[in-house]
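A short write-up of the structure that comes next.
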Amino acid sequence: MTAIEQLGTYVPRYALSAETVEEAWGQFHGAGIEQTAVPGGDEDTLTMAYEAAANALAASDRNTAEIDRLIVATTTPPLEEEAMGSRLRSTLGLDESIRSRQLTGSTRAGAEALLTAAEAPGTALVVASDSPRGAPDSEIEQAGGAGAVAAVVGDDDGGEITDHAAHVEAVPGTRFRPAGDGETDGLGIATYDRAAYTSAVGAVGTEVGVEGVDAVALQAPNGKLPYRAAGALNVETETIAAGTNVSQIGDTGAASTLFGLATAARSEAEETVIIGYGSGDATALAVDGSVPVATDPHDEIVPTERKSLSYGEYLRIRGEITTGEPEGGGAYVSVPSWKRTMPQRHRLVAGECTDCGTLAFPPEGACTECGTFESYEQIVLPGTGTVEAATEIGAGGAPPEFVEQQAKAGAYTSAVVALDGPDGGSVSIPAQVLGDEETTVGDRVTATIRRVYTQEDVIRYGFKMRPLSEP
């Protein structure tokens, strides 16, 4: 039996409403969408993938050593060439011998990733993460959302994948991104696009059988197109509604159908068909049984506490009106030097003095307590801690390498945090603290992964802290 044992989701806390876009442009092209999710200035598809995967793994009965495959799906990787899997593996602490694949180039990649996991033995971690972009006045941009879903796929209890089907047809011009371009486009021929969608979706849905299912989780480029397929699938619109949340998060590209599955699972659907679609091609999977869904820290797929953005704030966070790092750059850290410290930056690997048990982060030099030199046992800190000191870095006060982040997200908090040891004790480190609320001494925080800065066009990822109550 191949089953989806656990789902984990992540939706950024920033939201842009349809009304806000309409005020800026005089119209809103995202049919059926009330608001879209917007990544923070230091977020991208890799950091969102980390959040969803960490949630799934924390709730799963599997430990990281049991995961033998990592399959990533996205149409918007942070870099056009350099697979996300290696850095995602590092941040999650998965084994270096893990097999990794990345599926891209089509919004059906999320469904294809699930199918790829189901077709091979072992236990896989599937992560679909996306953030579509288009021209500012286009439907793709205005409907575009962001988020990630991760699935642990194995032979344990969960939603069993009982059947699958595919439909491959050349339908050029429906949705594409030219080589070297950051914006997805489409010819916008409504009848042409609609016919391609309903034909492909109907074909695979009929093949796997949708009659009597509780939910159909369809690829949702907007909030209306999925319902156009009700006739082709011969299902009620309520069945489609049970497998979509696009109206609240927008078009999440390769993650769209997995979000639909998570939504269906939360509505206690026992039989769900998920259908990924992209440019004329479709992939369907039938899922029999309930699938547990983990969201952290709030027990909602879509965060209940979201920060609504003005259109100017949206442009700033997306980097449309920022100047980037100042001339001359910041403090230079070579890539080899950064690579050596990735265990600390990605997984909070600390050292415990073998003589007195004092914690050191990073684990180098002499023990601050007993003076023993370079005698540490490596341990992984749990990631929680307490703020010991904090200050806000206002406009103009950021070091050069953090100027771009500050231009996108505004003032940020720099703090000294006492990280908890796994068996008691603590070790103090400097760290950024995320969130809009004032950070004060004594606040409890937890680590997550974010973009730190970019140097030599190489993105540096590392830990930042966020309040335990923050999404």
Per-residue ³J(HN,Hα) for the stretch 391-396, Karplus 6.51 cos²θ - 1.76 cosθ + 1.60, θ = phi - 60°, Hz, x for Gly and Pro: 8, 8, 9, x, 4, x
Could you derive backbone 3J(HN,Hα) for the stretch 16-33 from the dihedral phi with the Karplus parameters 6.51, -1.76 and 1.60 (θ = phi - 60°), listing whole Hz in sequence and x where the residue is Gly or Pro? 10, 7, 4, 5, 5, 5, 5, 5, 6, 10, x, 6, 10, 8, x, 4, x, 10
Through the Karplus equation 6.51 cos²θ - 1.76 cosθ + 1.60, θ set to phi - 60°, convert the phi angles of the stretch 303-319 into ³J(HN,Hα) values in whole Hz; use x for Gly and Pro. x, 6, 10, 10, 9, 6, 9, 6, 5, x, 4, 4, 4, 5, 5, 7, x
If you find the alpha carbon centre of the stretch 413-471 and of the stretch 366-399, how far apart are they in angstrom? 10 Å
Given charges of +1 on the Cβ of Lys and Arg and -1 on the Cβ of Asp and Glu, with all other atoms neutral, how large is the dipole of the stretch 335-467 about its Cα centre, in debye to the nearest 20? 540 debye
Log entry: pair-distance distribution for the stretch 70-205, C-alpha pairs binned every 5 Å from zero, whole % per bin is 2, 8, 16, 19, 19, 15, 11, 6, 2, 0
Least to most buried among R345, R108, R228, by other C-beta atoms within 10 Å and fewest first, runs R228, R345, R108
How much length is gained on full extension from S308 to T391, taking 0.36 nm per residue of separation minus their Cα-Cα distance? 27.4 nm
Intensity falloff of the stretch 3-317 expressed as log10 I(q)/I(0), Debye formula with alpha-carbon point scatterers, at q = 0.07 Å⁻¹: -0.23
Taking Cα centroids, how far is the stretch 265-295 from the stretch 137-163 in Å? 8 Å
Determine, for the chain, the count of lysine pairs separated by eight or more sequence positions (or lying on different chains) whose alpha-carbon distance falls under 25 Å. 4
Counting other C-beta atoms within 10 Å, which of D157, D443, D61 has the fewest, and how do the rest follow? D61, D157, D443
Between Q27 and A179, what length in nm is gained on full extension when 0.36 nm per residue of separation is reduced by their alpha carbon distance? 51.8 nm
How long are the three semi-axes of the equivalent ellipsoid of the stretch 335-467, in whole Å, if each is the root of 5 times an eigenvalue of the C-alpha gyration tensor, listed from largest down? 27, 18, 12
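Report, to two decimal places, the Cα Rg of the stretch 141-239 normalised by 2.2 N^0.38 Å (N = number of residues).
Taking the Cα Rg and dividing by 2.2 N^0.38 Å, one obtains 1.25.
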In which sequence would V201, V458, V126 go, from the one with the fewest C-beta neighbours within 10 Å to the one with the most? V458, V201, V126
Counting all C-alpha pairs of the stretch 208-275, share separated by more than 21 Å (%): 12 percent
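Expressed in nm to one decimal, what extension gain is obtained for the pair V441 and E268 from 0.36 nm per residue of sequence separation less their Cα-Cα distance?
Additional length available on full extension: 58.1 nm.
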The answer for T75, listing residues at least 5 apart or on another chain whose modeled amide H is closer than 5 Å to its amide H, is S131, A254
Hull surface divided by four, with the convex hull built on the Cα atoms of the stretch 266-318: how many nm²? 6.4 nm²
Across 10 Å bins from 0, what is the distribution of all Cα-Cα pair distances for the stretch 22-109, in whole percents? 14, 38, 29, 13, 6, 0
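Calculated from DSSP H runs of 4 or more alone, at -39500 (n - 2.57) each and per residue, what is the 222 nm mean residue ellipticity of the chain, nearest 500?
Details: 15 runs with 119 residues, N = 471.
Dividing the helical sum by the residues of the chain leaves -6500 deg cm²/dmol.
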Inter-probe distance in nm under a simple model that places probes 7 Å from Cα toward Cβ, at A135 and T237: 3.1 nm
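Read-outs: derived from the displayed coordinates by stated rules, not from any lab. Model, not experiment: these values are computed from the prediction. Ideal geometry is used to build each Cβ from the backbone, glycine not excepted, and the neighbour counts take in all protein chains shown.
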